[in-house]
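Each value in this text was obtained by applying a stated rule to the coordinates, not by laboratory testing. Only a predicted model underlies this, so the values are computations on that prediction, with no experimental measurement involved. Using ideal geometry, Cβ is built from the backbone for each residue, glycine included, and neighbour counts are taken over all protein chains shown.
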Amino acid sequence: MYRRILSVLGANLFGQIITIIIQVISVPLFLHFWGTKLYGEWIILTALPSYLIVSGTGIGYVAGNTMQKNIASNQINNALSAFQSAWIVTLGLSLLLLLIIIPTVLYLPLLKWLNIVYVLPHSAILTLIIFTFYISLSLQTELFNGVYRANQKFARGIMILNILRLIEFIGTVSIIIAGGKFVAVSITLLTARIFGIIWILRDLRNISWIRFGVKHSTTTLIKSELVSTLSFLGFPLGHACMIQGMTTVIGIRLGPGAVVIFSAVRTMTGFIKQFASSIYYSIWPELTNTLSTGNFKIAKNIHRNAFQFTLLFALLTSLGLYMLGAWIFNIWTNGKLKFENTFFLLMLVSTIPNTLWMMSSYVSISINKHSSIAIFYSSLAFSSMIICYILIPHFGLAAAPMSILFCDINTFLFVMKKSFIIVQEKISEFSLFIISNNPLRKIINKRFS
């Protein structure tokens, strides 16, 4: 078990390194070649599509859990049925996405609503249409990653997607340096994603039971996976409200210049969340195995240790980033953006409850019992976006992390209660473990004893 956890952790850490490279290079690159205003509008236009690509719809999560449970009990035909049923749902969602977004972009004053004024209207519209096709293909890779996880090849699936992201980024950098703008970058990303789909399809031939088609799909499974997927959408929708929604609100209230500052600080503080996500993904397959087979003691220990490690990591990295934040920010942006200390501190504080509830939520996600969390979180996130809109005239950019904190603290309390019930945990025993087995406390006691 620990070997599998470490292999997935390694693949995820490699992915986080790629993410850091992309984010560190992207901001100064875009600012240099496009300028603050044009880059700000790119962020606004691609905010929601970009997040849907990263967070997904949940079909890969839901179907992956189902396939993994069936394979663990040697029910291969049931795993195939789950895959083909999920594939039908994925194709349906992709078609629905195209039917909703393209007419919206073409016939509604979306650019006016988003306050887009610096990029040509036809370029902005074409960019959104291309991104819609890009998202549709990304839904396929999400499902395929669930197949890798179900076959205990999760690390391989993650590595393939990491390499694909790197290829997309290299293509983007090349186009921008060559003078390309929105449409050229969008086409490059779509082309790279098509290449990635072909690569993954060829690689999946090594998994003997995978067959594309509809023969083994069932109406019951399609309905079940569709319901679970729709409920899972609460997570990306909530994330979209908390991040891309905030971006849009800030753009409307304060303009593209403030959007760039928010995006840059969000990127810096987001490193904590990104590295912490490596912990979630590493324990996910093991939580599915232990909880689906009734090994609650092992599941409880996994949850305890993961929570403790996540808490320690979030606290130490937040402290370190706060001490060096202004220096890093000024060097990174070449002094072109103003650093606001209060805003930065609040953004850092908000990462702590967020990383903790996200980690704990995988107890529910791993066995497809995530519906109540997704609904609760998405509702709070939408409310937080409205709160941010109201508070901005009074607190400026600081309104965003204040609103985010409101959502994350309440979601943390809700998620922990649900996790305790699933793993049969008592809050007193959990708290005692976190305090008494804290490695930082042991180091301090040993140093001063």
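Counting Lys and Arg as +1 and Asp and Glu as -1 over every other residue whose Cβ lies under 13 Å from the Cβ of ILE375, the net charge comes to +2.
Across segment 421-436, coupling constants 3J(HN,Hα) worked out from phi with the 6.51/-1.76/1.60 Karplus curve, θ = phi - 60°, read 5, 5, 8, 6, 9, 9, 4, 5, 5, 5, 4, 4, 5, 4, 6, 6 Hz, and Gly and Pro carry x. Applying both filters, DSSP loop and at most 16 other Cβ atoms within 10 Å, to the chymotrypsin sites (Phe, Trp or Tyr not before Pro) of segment 198-241 gives TRP209, PHE212.
Here PHE296 and ILE252 are evaluated by their C-beta separation; at R0 = 51 Å the FRET efficiency comes out at 0.60.
Listed values for segment 225-230 are Karplus-derived 3J(HN,Hα) couplings in whole Hz (6.51 cos²θ - 1.76 cosθ + 1.60, θ = phi - 60°), namely 6, 5, 5, 5, 5, 4, and x replaces Gly and Pro.
The residues packed around ILE365, meaning those with a beta-carbon under 15 Å from its beta-carbon, carry a net charge of +1 if Lys and Arg are +1 and Asp and Glu are -1.
Per residue, the Cα convex hull of segment 86-126 amounts to 75 Å³.
For segment 233-441, the Stokes-Einstein estimate of translational diffusion at 25 °C and a viscosity of 0.890 mPa s comes to 137 µm²/s, using the Kirkwood hydrodynamic radius over alpha-carbon pairs.
Each residue, GLN152 and ILE435, gets one label point 7 Å from its Cα in the Cβ direction; the gap between the two is 4.0 nm.
Computed from the alpha carbon atoms alone, the convex hull of segment 236-339 holds 106 Å³ per residue. When TYR39, TYR322, TYR362 are arranged by Cβ crowding within 10 Å, least crowded first, meaning fewest neighbours, the order is TYR322, TYR39, TYR362. The alpha carbons of segment 106-192 give a radius of gyration and a Dmax of 16.2, 49 Å, in that order.
Translational diffusion of the chain, estimated by Stokes-Einstein from the Kirkwood radius over alpha carbon pairs at 10 °C in a medium of 1.306 mPa s, is 69 µm² per second.
Ordering ARG211, ARG149, ARG156 from the fewest to the most neighbouring beta carbons within 10 Å gives ARG211, ARG156, ARG149. The simple spin-label model puts a point 7 Å past each Cα toward its Cβ; for SER379 and TRP113 those points are separated by 2.4 nm. For the residue pair THR104 and PHE395, what label-to-label distance in nm results when each label sits 7 Å from Cα along the Cα-to-beta-carbon direction? Label-label distance for THR104 and PHE395, simple model: 2.8 nm. Computed 3J(HN,Hα) for segment 64-70, one whole-Hz value per residue from the Karplus formula 6.51 cos²θ - 1.76 cosθ + 1.60 where θ = phi - 60°, is x, 4, 5, 5, 5, 5, 5, glycine and proline marked x. Candidate cross-link partners of LYS112 among the aspartates and glutamates, defined by an alpha-carbon separation under 15 Å and a same-chain spacing of 8 or more, comprise GLU41.
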